[in-house]
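Scroll down for the structure; my scribbles are underneath it.
The values are calculated or read from the model by the stated rules, or taken from the named source; none is laboratory data. Every value quoted in this text rests on a predicted model; they were computed, and no experiment measured them. Note: ideal-geometry Cβ built from the backbone for every residue, glycine included; neighbour counts use all protein chains shown.
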Amino acid sequence: MFSLKQGDELVFQIQNNNPKPEPQTIQQDLVMSQAASPQGGNKRLRKKPLSMGEDNKDEERSKKIMHREIERQRRQEMGQLHGSLRSLLPLEFIKGKRSISDHMQQAVNYINHLQRSIGELNIKRDKLNKIPNYTIAPCFDGVEIIIASGLIEEQFPLSKVMQVLIQEEQLNVISCASTRVNDRLLYTIRAEGIDPMSMDMSDLQQKLYDAVCC
């Protein structure tokens, strides 16, 4: 409705034909949301962070697991190495059920045994290298003697050989030549003055051996 007042002022009046207030749905929704949330209002649920003590426990647990794995691999490698070592030992060194420490000790004993054997073989080899080899064959009116001496460093007693041939066997030495073969000296001696068919070759060889080695 429109009405005029003094001063020619135009005044608008709006009548409200719906006097009943609208339901306060916003307030009710807010109350329900607050009741559903125990912490209330606008607070959000957040995951509780791990404390320093829990972090240290996880790190310690990981270290223990890694240590157990390393120890397991070490025991496995030790078992493989022990099996390889045991397979190299002779049966007399590993008879019966023995511990790993016993097998280790037997391996040491076996190595010492091998070293002693090698030392003895080296001594025998050196002795054999020093012993000359004789080959005696008939040749015309005499014999041909081929002597393979020992090592070149060793002085061969050629004078003793000549003494046996000339003084004891009454032979006339015609020639004597030496040739180097590897680490040895090869002597070739020719002697005449006796019927080779009547000469005892084995006896002459023994005399030469005794003259040089004794």
ask   = Which one of these is in contact (Cβ under 8 Å) with a residue 40 or more places away in the chain and either among the aliphatic types (A, V, I, L, M) or part of a helix (DSSP H, G or I) (or both): ILE136, ILE70, ILE111?
value = ILE136
task = Take the stretch 161-188 and flag every residue that is within 55 Å of the chain's Cα centre (by Cα) and surrounded by 13 or more Cβ atoms within 10 Å (Cβ to Cβ).
result = VAL161, SER178, ARG184, LEU185, LEU186, TYR187, THR188
remark   = Checked against (1) out of contact with any Gly (no Cβ under 6 Å at 6 or more places or on another chain); (2) part of a helix (DSSP H, G or I), ASN129 satisfies every condition except (1)
request  = Scan the stretch 144-160 residue by residue and report those that are of a type in the set (S, T, N, Q) and within 52 Å of the chain's Cα centre (by Cα).
outcome  = SER149, GLN155
query = Of all the residues that make up the stretch 176-214, how many are over 20 Å from GLN163 (Cβ atoms), in a loop (DSSP other than H, G, I, E, B) and in contact (Cβ under 8 Å) with a residue 24 or more places away in the chain?
reply = 2
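I need the full set of residues from the stretch 164-175 which are β-branched (Val, Ile, Thr) and part of a strand (DSSP E or B), in order please. Step through it out loud before you land on a result.
Within the stretch 164-175, the subset β-branched (Val, Ile, Thr) is 164, 166, 173-174.
VAL173, ILE174, listed by residue number.
Within the stretch 155-163, is there a residue that is in a strand (DSSP E or B) and closer than 17 Å to TYR209 by Cβ? Before the answer, list the steps.
Kept after step one, since they are in a strand (DSSP E or B), are these residues of the stretch 155-163: none.
No, the stretch 155-163 contains no residue that is in a strand (DSSP E or B) and closer than 17 Å to TYR209 by Cβ.
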key: Residue check for GLU144: among the acidic types (Asp, Glu) and either at pLDDT below 85 or in contact with a Phe, Trp or Tyr (Cβ under 9 Å, 6 or more places away or on another chain) (or both)   = no
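Here's a check for you: in the stretch 189-204, which residue that is among the charged types (D, E, K, R) and within 10 Å of VAL143 (Cβ to Cβ) is surrounded by the most Cβ atoms within 10 Å (Cβ to Cβ)?
Taking the stretch 189-204 and keeping what is among the charged types (D, E, K, R), we get 190, 192, 195, 200, 203.
Now drop any that are not within 10 Å of VAL143 (Cβ to Cβ), which leaves 190, 192.
Working: ARG190: 17, GLU192: 14.
Ranking the qualifying residues of the stretch 189-204, first place goes to ARG190.
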